[in-house]
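*Asks:* The structure is given below, and queries will be raised subsequently.
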Amino acid sequence: MNSSIERQLAALKREIKARQGGKDVLAKLDVTQHIAPVYLPLHADIEANRHTVYNLPGGRGSCKSSFVSLEIVNGIMADPTGHSNAIVFRLYGNTLRESVFSQIAWAIDTLGVGHLWKSRIAPMQWVYTPTGAQIVFRGLDDASKLKSIKPTRGTFRFIWLEEFSELPGPNTLRNVMQSVQRGGDTFTVFRSFNPPISKNNWANVYIQEPDERATTLLTDYTMIPPEWLGDAFLYEAERLKAINPTAYQHEYMGIPTGTGGEVFPALEIREITDAEITQIEYIYQGLDFGFAQDPACFLRVGYDRRREVIYLIDEIYRKGMSNRQIADAIKGKGYDRAEMAWTGRGYERELVPVICDSAEPKSVSDLRDLGLLAWSCHKEPNCVQYRVKWLQHRTIVIDPKRTPNAYRELVNYSYEADKDGNFSSLLPDRDNHSIDALAYALDRVIYRRENPA
């Protein structure tokens, strides 16, 4: 019999069996032969439902996206009920078609089951025809549309967050998961990404937080069979290793190496407990004004003078706030009341002033009229650079849950770079509202002679 006809008959038999219940569709398929050996323990883990979340940081050529796409296609086809669907996310919808949509197409083709799947572009999805199960794709640049999203039937059993670190932060992640983890008890969540260069990037920190539901596997191209990558890929990797070892470590080995341009190298990202705050002797408060384009930013911080450690305790961060609204928000948190503080003579009750940007004396006066102890900060030539230099020599402890905007700004604040990527000593005047508020809060400490930068 003609080999072409044999293949067509075999495909027809598989499709008939699929339509009869799907139990034998994968009888002759072995997904493990297409999975890199480094991922086989995770494959077994997924099949045994040992974890819900699979964190997959990795460098270039680590095949993490290939692994996830194979697992999703395999998992959907293994469910004859059609109740197991998948949803795939990237931050921007216009990146879906050339990345994850094509990656799923690759997995379907690799498994040799293309005759059992149909694709659509509007809305973007793959449909497993024997059961009607779906793989849908969504961008998170319009997260409001997620509230109404659901599969035709069943649940989103598989959830893939590709380029996980593109997400703005934990709040966005939480909103996404609340929208799609509905109606079922069993979910498999994949978070795949190339770790950002900053060790303190929220995604790098987030996957290190204890979570008994999650497991993490860091991979790189050296763990992948060389023949899967090709000589050209291996040559470029080794070439970069020889000429720029730091870039090689980050790009190919998936190791956060720091940018070399990070302004605040001594950030400590962790939880700050209520009990820890009660032990802080010195409390300070700072305010950077804003309105239309820039947010107003109020920071409440603690400072351990003996160990030179700064704690970011709380923040107010919002656009469009009038001076009255700012005052009401601060007073609403009780930060205008006298409290116990160390004065040098012992613990005494005193008001904690709000140190503000001296460029707006009228606004400072408004806050005083509204019942706050508000002062203008000290300013002199090069004071911005001096204050940043002073902060750089202290450890700054940030709890992303308490001060998410300050966390984002301080972690990502880097020196200006030229067109060749070389960092200068210039400080960018953007996305630094929390940094200014922090400097204003500690104004009285920074300019004491016994506390030089």
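The values are calculated or read from the model by the stated rules, or taken from the named source; none is laboratory data. All figures in this text were calculated on a predicted structure; none of them were measured in a lab. Note that each Cβ is placed from the backbone with ideal geometry, even for glycine, and that neighbours are counted across all protein chains shown.
*Asks:* Assess whether Ala341 counts as being modelled with pLDDT under 90 and surrounded by 13 or more Cβ atoms within 10 Å (Cβ to Cβ).
*Replies:* The answer is yes for Ala341.
*Asks:* Please go through the stretch 128-150 and give me each residue that is crowded, with 20+ Cβ neighbours inside 10 Å and farther than 22 Å from Ile46 by Cα, ordered by number.
*Replies:* Answer for the stretch 128-150, where residues must be crowded, with 20+ Cβ neighbours inside 10 Å and farther than 22 Å from Ile46 by Cα: Pro130, Arg138, Leu140.
*Asks:* A follow-up question, please. If a residue counts only when it is more than 26 Å from the chain's Cα centre (by Cα), which strands (runs of 3 or more DSSP E) contained entirely in the stretch 96-204 have at least 3 such residues? Even if it seems obvious, please write down each step before you answer.
*Replies:* On the way: elements: 117-121, 124-128, 133-139, 155-162, 188-193.
Correct list: 117-121, 124-128.
*Asks:* Same structure, new question: Read through the list (1) farther than 20 Å from Leu438 by Cβ; (2) touching a residue at least 40 places away in the same chain (Cβ under 8 Å), then give the number of the only condition that Gly320 fails.
*Replies:* Condition not satisfied by Gly320: (2).
*Asks:* Yes or no: Ala275 closer than 27 Å to Asp429 by Cβ, among the aliphatic types (A, V, I, L, M) and surrounded by fewer than 17 Cβ atoms within 10 Å (Cβ to Cβ)?
*Replies:* Taking the combined requirement at face value, the residue does not satisfy it.
*Asks:* Quickly run through the stretch 229-251 and pick out the residues that are hydrophobic (A, V, I, L, M, F, W, C) and surrounded by 13 or more Cβ atoms within 10 Å (Cβ to Cβ).
*Replies:* Leu229, Phe233, Leu234, Ala237, Leu240, Ala247
*Asks:* Can I ask one more? Contact list please: Cβ distance under 7 Å, first residue in the stretch 167-192 and outside the structural domain of Thr215 (by TED's automatic domain parsing), second residue at pLDDT 90 or above and surrounded by fewer than 19 Cβ atoms within 10 Å (Cβ to Cβ), pairs at least six apart or on different chains.
*Replies:* none
*Asks:* I would also like to ask the following. For the stretch 266-281, which positions are farther than 24 Å from Asn204 by Cβ and either among the polar types (S, T, N, Q) or modelled with pLDDT under 90 (or both)? Lay out the reasoning, then the answer.
*Replies:* Of the residues in the stretch 266-281, the ones farther than 24 Å from Asn204 by Cβ are 274-275, 277-281.
Within the stretch 266-281, Thr278, Gln279, Glu281 meet the criteria.
*Asks:* How many residues does the stretch 362-373 hold that are under 16 Å from Gly290 (Cα atoms) and aliphatic (A, V, I, L, M)?
*Replies:* Counting residues in the stretch 362-373 that are under 16 Å from Gly290 (Cα atoms) and aliphatic (A, V, I, L, M) gives 2.
*Asks:* If Glu360 satisfies every condition in (1) modelled with pLDDT under 95; (2) over 20 Å from Pro196 (Cβ atoms); (3) within 33 Å of the chain's Cα centre (by Cα) but one, which is the exception?
*Replies:* (3)
*Asks:* Mind listing just one residue for me: the one in the stretch 404-443 that is more than 23 Å from Leu167 (Cα to Cα) and at pLDDT 90 or above and, of those, surrounded by the fewest Cβ atoms within 10 Å (Cβ to Cβ)?
*Replies:* Filtering first and then ranking leaves Asp443.
*Asks:* Further question on the same structure: Please tell me if Ser376 is without any contact (Cβ under 8 Å) to a residue 24 or more places away in the chain and either under 22 Å from Gln285 (Cβ atoms) or surrounded by 15 or more Cβ atoms within 10 Å (Cβ to Cβ) (or both).
*Replies:* It is true that Ser376 is without any contact (Cβ under 8 Å) to a residue 24 or more places away in the chain and either under 22 Å from Gln285 (Cβ atoms) or surrounded by 15 or more Cβ atoms within 10 Å (Cβ to Cβ) (or both).
*Asks:* Separate question: For the structure I just gave you, tell me whether Gly254 is exposed (fewer than 14 other Cβ atoms within 10 Å of the Cβ), touching a strand residue (DSSP E or B) at 6+ places or on another chain (Cβ under 7 Å) and within 27 Å of Leu140 (Cα to Cα). Spell out the reasoning first.
*Replies:* Numbers: exposed (fewer than 14 other Cβ atoms within 10 Å of the Cβ): no; touching a strand residue (DSSP E or B) at 6+ places or on another chain (Cβ under 7 Å): yes; within 27 Å of Leu140 (Cα to Cα): yes.
The answer is no for Gly254.
*Asks:* Under the condition of being among the small types (Gly, Ala, Ser) and modelled with pLDDT of 95 or more, which residue from the stretch 61-78 is farthest from Leu217 (Cα to Cα)?
*Replies:* Gly75
*Asks:* Does Val388 qualify as being at pLDDT below 95 and under 24 Å from Gln325 (Cβ atoms)? Please lay out each step first, then the result.
*Replies:* On the way: at pLDDT below 95: yes; under 24 Å from Gln325 (Cβ atoms): no.
Considered against the rule, which asks whether it is at pLDDT below 95 and under 24 Å from Gln325 (Cβ atoms), Val388 comes out as no.
*Asks:* Shifting gears a bit: Can you tell me how many residues in the stretch 206-228 are surrounded by fewer than 17 Cβ atoms within 10 Å (Cβ to Cβ), over 20 Å from the mean Cα position of the chain (by Cα) and not in a helix (DSSP H, G or I)?
*Replies:* Selection size over the stretch 206-228: 1.
*Asks:* OK, next. For Asn323, indicate whether it is more than 27 Å from Arg174 (Cβ to Cβ) and surrounded by 13 or more Cβ atoms within 10 Å (Cβ to Cβ).
*Replies:* So Asn323 fits the description; yes.
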